[in-house]
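Please treat every number below as a calculation from the coordinates, not as lab data. All values reported here derive from a predicted model rather than from experimental measurement. Positions of Cβ are generated from backbone atoms using ideal geometry, with glycine treated the same way; all protein chains shown enter the neighbour counts.
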Amino acid sequence: MKNLKSTLTMGAILPAALFAQERPNIIYIMTDQQTATAMSCAGNMYVNTPNMDKLAAHGIRFTNAYCSLPLSGPSRASMFTGHTPAEIGMAENEIPIPESLRSRTLGTLMEQAGYETAYAGKWHVNTNSLPEKHAFGFENLHGHNDFGLAEAAVSFLQRKHNKPFFLVASFDNPHNICEYARKQNTPFATIKEPVLEDCPNLPANFNIAPYDADVLTYERSLSYRLYPTRNYTPDDWRRYLNAYYRLVETVDAEIGKIIVEIERQNLWKNTVIIFTSDHGDGVAAHHWNQKTVLYEEVVNIPFIICLPQSKHAGKVLPQLINNGTDLMPSICDWANAEVPQDVQGVSVRSIAESGNPQKEHQPYVVTETFFAQTGGTCGWMVRTSNYKYVLYETGKNREMLYDMKTDRGEMRNLAIERQYKEVIKQHRTLLLEWMKKHPTLGRSTHFIPK
């Protein structure tokens, strides 16, 4: 004890080094196009995900986490810049990060904070893989290819690390469902077709709901490549669901390889592990496949945080999370890294470490969307504790309100009922407030009804 005391009086440098060693490692595992309920730990009887379940058993599963924009490029842009996609001009795929943000991505912030940073897998901001051996603050371990990705991540974990590390493992699947729907070869998986009786049943919200926004039918009609399911029979949809869940199981097995190494080194004790996806999939709800729409299956994504020492293991929390804008402040919070002043997301660290379902976080989150690949319709979702308000810029029934306690399947649009008039006004006000803080899709706020 005497030696430690005398050491700590030597100056500021050594205490800082000791503090740096106490900072946790951070592992960020991401899938592509996985809806929040596509895990057996979420109660889904049609999929078996032992490795995602293991993360949930060691960690905290948030049931109300949403993406910034339900399309890969914009969603990932939000994660790694800390901004909403539209406010930085990245509301569609294939748009590069603005020059002003290239040196202050999440990777560069963590690197500057003294972390060893590495990235394996799909990048898609905007190139599919990181463009160089070292880019945006990350060492490039492995490109956009699920084959060998987990092995590359494991090799990184097996290195000797003299400082804390930040590792991203970004998988493509279950995104291969897009190729499956087009009857193309699935790049990173093999799907076996069972007899129909062994395929999942249709979801309770399979049918398009009364008073749904009619602009969605229009958008779907514009691209057979994106929506080749328009003439699907119920049996076709069951086969689609089977393929989707098998793809989830495929990526779960790859994630399992990383978990084996985490357990071998007992990294649970000093590592924050976050698991999520960039957006969901329609999974046959309202006859929808793919993404972009604001249906719950598309915007609600898995979000699990494993704290060091598996604190609050197995907890399920209801707080509202935006896994795009909230990611940078959260990871920087754990790393003691400085967050740029114009980043407006909210760190989830305090609610995770409290484990308290009643602890206040943020009163609402917003997801925006832009049908850039078809007709160009814009839309917004405001999610509060009890309700989900959806607004599209044009068309019949463009304004919708759903009770998230009793109607998570979004089958009863409350916006047509007089008794919800004040609730709708409150959500319009929240959306207007959000739009004033976040320039949105180059449009003015006049799309909000009065």
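Tabulated data for the structure shown
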item	result
Candidate aspartates and glutamates for bridging to Lys436, where Cα separation is under 13 Å - those fewer than 8 sequence places away on the same chain excluded	Glu87
Nearest-ten-degree value, helix 421-437 long axis tilted from longest Cα axis of the chain	50 degrees
Estimated distance in nm for a label pair at Asp198 and Ser100, the labels positioned 7 Å out from Cα along Cα-to-Cβ	5.6 nm
Between the range 402-446 and the range 95-110, the alpha-carbon center distance in angstrom	32 Å
Out-of-range pairs (alpha-carbon distance over 26 Å; input Lys257/Lys359; Lys192/Lys405; Lys291/Lys315; Lys311/Lys405; Lys311/Lys359; Lys405/Lys425)	Lys257/Lys359; Lys192/Lys405; Lys291/Lys315; Lys311/Lys405
Cα centroid separation - the range 291-323 against the range 208-268, whole Å	17 Å
Highest-first arrangement of 425-431, 170-176, where packing means the average Cβ count within 10 Å	170-176, 425-431
Gyration tensor (alpha-carbon) shape descriptor, the range 79-168, a/c threshold 1.5	oblate
Rounded D (µm²/s) - the range 23-359, Kirkwood Rh over Cα pairs, Stokes-Einstein at 4 °C, 1.567 mPa s	65 µm²/s
Gyration tensor verdict on the range 241-333 (Cα atoms; rounded if a/c is under 1.5, prolate if a/b is larger than b/c, oblate otherwise)	oblate
Proximal lysines relative to Lys122, as straight alpha-carbon distance under 16 Å, when same-chain residues fewer than 8 apart are discounted	Lys133
Principal axis dimensions, largest first and in whole angstrom, of the range 173-302 by Cα	52, 32, 26
Nonlocal amide H pairs with Phe165, under 5 Å, H built at 1.01 Å	Asn25, Ile26, Glu116
Residue-averaged [θ]222 nm for the chain, counting only DSSP H segments that reach four residues, each worth -39500 (n - 2.57)	-8500 deg cm²/dmol
Mean Cβ count within 10 Å, highest first, over the residues of peptides 225-236, 198-209	198-209, 225-236
Highest-first arrangement of 285-298, 389-402, where packing means the average Cβ count within 10 Å	285-298, 389-402
Qualifying GluC sites (Glu not before Pro) for the range 351-385 [loop in DSSP, other Cβ within 10 Å: at most 10]	Glu360
Distant-in-sequence amide H partners of Lys315 (H built 1.01 Å from N, under 5 Å)	Arg61
